[in-house]
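Throughout, read-outs are computed from the coordinates displayed, never taken from laboratory work. Computed from a predicted model, the values in this text were never measured in an experiment. In this analysis, Cβ positions are derived from the backbone assuming ideal geometry, glycine residues included, and neighbour counts consider all displayed protein chains.
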Amino acid sequence: MTRLLTALFALFLAAPLWAADLDADGLHKVDWFQDTWKDLGEDFATAKEEGKRLLIIVEQRGCIYCSEMHATSFKDEKVLGRLTEDYYPVRINLHGATEMVDTDGEAMEERAVARKWGVMFTPTMIFMPPEISDDTPAIRQAVAVMPGAFKPGTTYDLLTWVLEERYLDQSEEDFQRYHARMIRARRAEQGD
């Protein structure tokens, strides 16, 4: 009887994963990820043509934190609006075997690029600058890197902070101070 209850409980916990729309690699299928050849130089050029910022999101199969981001933050209206209107999101599979090209021109599998970049945690959001160099890896050009799952407010604030190029002068207000100010502003709007 104990085994049966344990099995039923495990099925209950796994149900949300089965309910998610996953691709063949076990990654979340969403229409706002750009379907590209994963040539980051070309992706950057396309993003720039569209007036957007290149955003690289690293995920992996079975990532509960990725699932959390897709279930909450990425479904939030403000976050989704910012992601689709201002960013050109390209997904990299932490353990993927698809060949891609880094911004420095080096071609290798996704998993090799993740190791080269030192990405060990998913999701990781890598925000690219408005201009890139073709002789430097993407991770060394990134203006911000967000490893981990965060609530919609934090995610939206980081998307906005990068878009407004606040990373250029953090002497007065780095992201943490900016985010704290935005939290206070939202609470004031709600009358808390």
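Computed from the alpha carbon positions, the gyration tensor of the chain leads to an equivalent ellipsoid with semi-axes of 29, 25, 14 Å, biggest first. Near residue 91, the amide H atoms lying under 5 Å from its own belong to 34, 57; only residues 5 or more places off or on other chains count, and H is placed 1.01 Å from N.
Estimated from helices alone, the mean residue ellipticity of the chain at 222 nm is -13500 deg cm²/dmol (sum of -39500 (n - 2.57) over DSSP H runs with n ≥ 4, per residue).
If you plug the beta carbon distance of residue 168 and residue 24 into 1/(1 + (r/R0)^6) with R0 = 45 Å, you get a FRET efficiency near 0.65.
Between residue 39 and 101, the built amide H atoms are under 5 Å apart, and every one of these is 5 or more places off in sequence or on another chain. Listed values for segment 80-88 are Karplus-derived 3J(HN,Hα) couplings in whole Hz (6.51 cos²θ - 1.76 cosθ + 1.60, θ = phi - 60°), namely 4, x, 5, 4, 7, 8, 10, 10, 10, and x replaces Gly and Pro. For the chain, leaving out every one of the chymotrypsin sites (Phe, Trp or Tyr not before Pro) that falls in a DSSP loop and has at most 15 other Cβ atoms within 10 Å, the longest unbroken run is 38-120. Of all beta bridges that DSSP places with both ends in segment 50-192, some 60 percent have antiparallel geometry. Per-residue 3J(HN,Hα) values for segment 54-59, derived from phi via the Karplus relation 6.51 cos²θ - 1.76 cosθ + 1.60 with θ = phi - 60°, read 6, 10, 9, 10, 9, 9 Hz in sequence order (x marks Gly and Pro).
Indicate the gyration tensor shape class of segment 65-131 (rounded, prolate or oblate), computed on the Cα atoms with a ≥ b ≥ c the square roots of the eigenvalues: a/c under 1.5 is rounded; otherwise a/b larger than b/c is prolate and the rest oblate.
oblate
Taking amide H atoms as placed 1.01 Å from N in the peptide plane, the amide H of residue 22 lies under 5 Å from those of 29, each 5 or more residues away in sequence or on another chain.
Each residue of segment 123-128 was assigned a 3J(HN,Hα) from its phi angle through the Karplus expression (A = 6.51, B = -1.76, C = 1.60, θ = phi - 60°), giving x, 10, 9, 10, 9, 8 Hz with x at Gly and Pro.
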